[in-house]
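The structure appears below as structure tokens.
The values are calculated or read from the model by the stated rules, or taken from the named source; none is laboratory data. These numbers were taken from a predicted model, which means no experiment stands behind them. Backbone-built Cβ (ideal geometry, glycine too); neighbour counts: all protein chains shown. For accessibility, only protein heavy atoms count, side chains too; no ligands or nucleic acids. Shrake-Rupley method; radii C 1.70, N 1.55, O 1.52, S 1.80 Å.
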Amino acid sequence: MTIIVTGGAGFIGANFVLDWLAGSDEQVVNLDALTYAGNLDTLASLKNDRRHAFVHGDIGDRALVGRLLSEYQPRAVINFAAESHVDRSIHGPGDFIQTNVVGTFNLLESVRAYWSGLPDAAKGTFRFLHVSTDEVYGTLAEQDPPFAESKRYEPNSPYSASKAASDHLVRAWHHTYGLPVLTTNCSNNYGPYHFPEKLIPLVILNALAGKSLPIYGDGLQVRDWLYVKDHCSAIRRVLEAGRPGETYNVGGWNEKPNMEVVRAICAILDELQPKTDGGAYSDQISCVQDRPGHDRRYAIDARKLERELGWKPAETFETGIRKTVQWYLDNQDWVNHVTSGAYREWVSKQYEAEA
Ligand code: NAD
Ligand code: TYD
């Protein structure tokens, strides 16, 4: 048996592939375009592993995807491939429309052609799992209940609008063509191999480098944090037992204002790697200009996934963030490779006013 994973050189996709092969001998074909966010260093431990076939390519390349589907005859396709950073989507939305909307459309069409030709038994068990985000639901006020699956889509950024569009395409391919799809909408992830353009790895690495820790606006925006390995276990569970056509919200009930997250990271670093000058890492916090259209609060109601499929996260925010900080301290080689090239150019563009 084989599964195809797209975007498996990115943060969540690579964690998924590594976890999958740690617990199963089922082959993984990993299709990734290796944009700035794709990193083969993360998959270095699989270099000589015959269960992992890496293919460099685009989800929108129908000829390539069609070839992979007919050669490997997968029982499932799990779509992680996307442009994923909100700030980048504000600077340049075009890539987001291209990959997240047009790319997902082309992938769905390739998969539909393959699936239509399967024998009836394989047709019934095949799954297309689309990995999406809670950001499609828009923003919450302080007293609002967390996002349930029935919440209206109200995306506010080019990123979330492109993901919302892709979710709608996936839904339509089920209702119109009968493709057995599953969609997961997850809250903010953090953990090992996270590209340091996102808040948590950016803060860890800037703190260690003696740089300022940029907090947008008042720092009281709330995100609902989930350790990446818990997201991966939720995806495995939905793939195994989710009902085709359904969507499942994934989250760990860990709502935190950004300022609290940054202070928690600083406190762990003060303990694990105290500054040589005796100061506190939190002294490096600096409030910078807010993100345009910044969503105030996200929060996930994950009760459907718990009730129907028995999934629960293994980590609390406190255990997960400690593991994450420790991982960055222990993996300097990975960090050094990532912080060269494209990432440095992005940082100077995004934060040039502060530089
Ligand atoms: P990421 O940006 O770290 O990785 C994306 C990967 O997709 C990269 O390896 C990149 O090379 C690849 N890719 C981009 N365009 C491609 C294309 N056209 N064809 C093939 N590969 C392509 O993203 P991530 O944080 O790992 O997110 C993975 C998925 O999970 C995304 O769909 C994202 O919307 C969703 N998600 C992310 C979070 C989060 O907190 N990071 C939360 C919920 C959902
Ligand atoms: P991010 O990690 O970019 O995820 P998302 O925008 O998808 O939620 O940002 C998490 C939160 O942290 C978000 O409210 C924006 C904020 N943030 C900062 O305050 N400073 C930063 O430098 C970054 C990258 C994000």
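Here are the numbers for this structure:
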item	result
Top-ranked residue in region 127-143 [being among the hydroxyl-bearing types (Ser, Thr, Tyr) and within 12 Å of ligand 2 (Cβ to nearest atom); ranked as farthest from residue 110 (Cα to Cα)]	139
Residue check for residue 272: aliphatic (A, V, I, L, M), out of contact with any Pro (no Cβ under 9 Å at 6 or more places or on another chain) and open to solvent by 10 Å² or more (accessible area, probe 1.4 Å)	yes
Residues satisfying the stated conditions in region 221-252, i.e. closer than 26 Å to residue 282 by Cβ and not in a helix (DSSP H, G or I)	221, 222, 223, 224, 225, 226, 227, 252
One residue from 95, 87 being touching a Lys or Arg at 6+ places or on another chain (Cβ under 7 Å) and at negative phi	87
Total residues in region 181-207, condition more than 16 Å from ligand 1 (Cβ to nearest atom) and open to solvent by 10 Å² or more (accessible area, probe 1.4 Å)	1
Selection within region 20-54 - in contact with a strand residue (DSSP E or B) (Cβ under 6 Å, 6 or more places away or on another chain) and among the β-branched types (Val, Ile, Thr)	28, 29
Pair list, Cβ under 6 Å, 6 or more apart: region 168-183 residue touching a residue at least 40 places away in the same chain (Cβ under 8 Å) and over 17 Å from residue 239 (Cα atoms), other residue open to solvent by 30 Å² or more (accessible area, probe 1.4 Å) and hydrophobic (A, V, I, L, M, F, W, C)	169/105
Test: residue in region 82-101 that is of a type outside the set (Phe, Trp, Tyr) and farther than 24 Å from residue 346 by Cβ	no
Selected residue (criterion: surrounded by the fewest Cβ atoms within 10 Å (Cβ to Cβ)) from residues of region 90-130 that are in contact with a strand residue (DSSP E or B) (Cβ under 6 Å, 6 or more places away or on another chain) and not in a helix (DSSP H, G or I)	127
Criterion: modelled with pLDDT of 95 or more and out of contact with any strand residue (DSSP E or B) (no Cβ under 8 Å at 6 or more places or on another chain) - qualifying residue of 244, 158, 214, 180	158
Hits in region 253-264 (condition: assigned to a helix (DSSP H, G or I) and open to solvent by 60 Å² or more (accessible area, probe 1.4 Å))	260, 263
Yes/no for residue 41 being modelled with pLDDT under 95, out of contact with any Leu (no Cβ under 9 Å at 6 or more places or on another chain) and either part of a helix (DSSP H, G or I) or more than 9 Å from ligand 1 (Cβ to nearest atom) (or both)	yes
Flag for residue 168 being over 12 Å from residue 128 (Cβ atoms), within 15 Å of ligand 1 (Cβ to nearest atom) and assigned to a helix (DSSP H, G or I)	yes
Residue within region 264-279 that is touching a residue at least 24 places away in the same chain (Cβ under 8 Å), within 16 Å of ligand 1 (Cβ to nearest atom) and polar (S, T, N, Q) present	no
Residue in region 37-48 that is among the hydrophobic types (A, V, I, L, M, F, W, C), closer than 20 Å to residue 114 by Cα and open to solvent by 20 Å² or more (accessible area, probe 1.4 Å) present	no
Which numbered condition residue 190 misses (of (1) away from ligand 2 (no atom under 11 Å from the Cβ); (2) out of contact with any Gly (no Cβ under 6 Å at 6 or more places or on another chain); (3) not aliphatic (A, V, I, L, M))	(1)
Complete set of residues in region 147-160 that are touching a residue at least 12 places away in the same chain (Cβ under 8 Å), over 20 Å from residue 254 (Cβ atoms) and open to solvent by 40 Å² or more (accessible area, probe 1.4 Å)	152, 153, 154, 155, 156, 158
Residue in region 74-83 that is assigned to a loop (DSSP other than H, G, I, E, B), small (Gly, Ala, Ser), over 23 Å from residue 182 (Cβ atoms) and within 16 Å of ligand 2 (Cβ to nearest atom) present	no
Residue within region 293-300 that is in contact (Cβ under 8 Å) with a residue 24 or more places away in the chain, among the hydroxyl-bearing types (Ser, Thr, Tyr), open to solvent by less than 30 Å² (accessible area, probe 1.4 Å) and in contact with a Phe, Trp or Tyr (Cβ under 9 Å, 6 or more places away or on another chain) present	yes
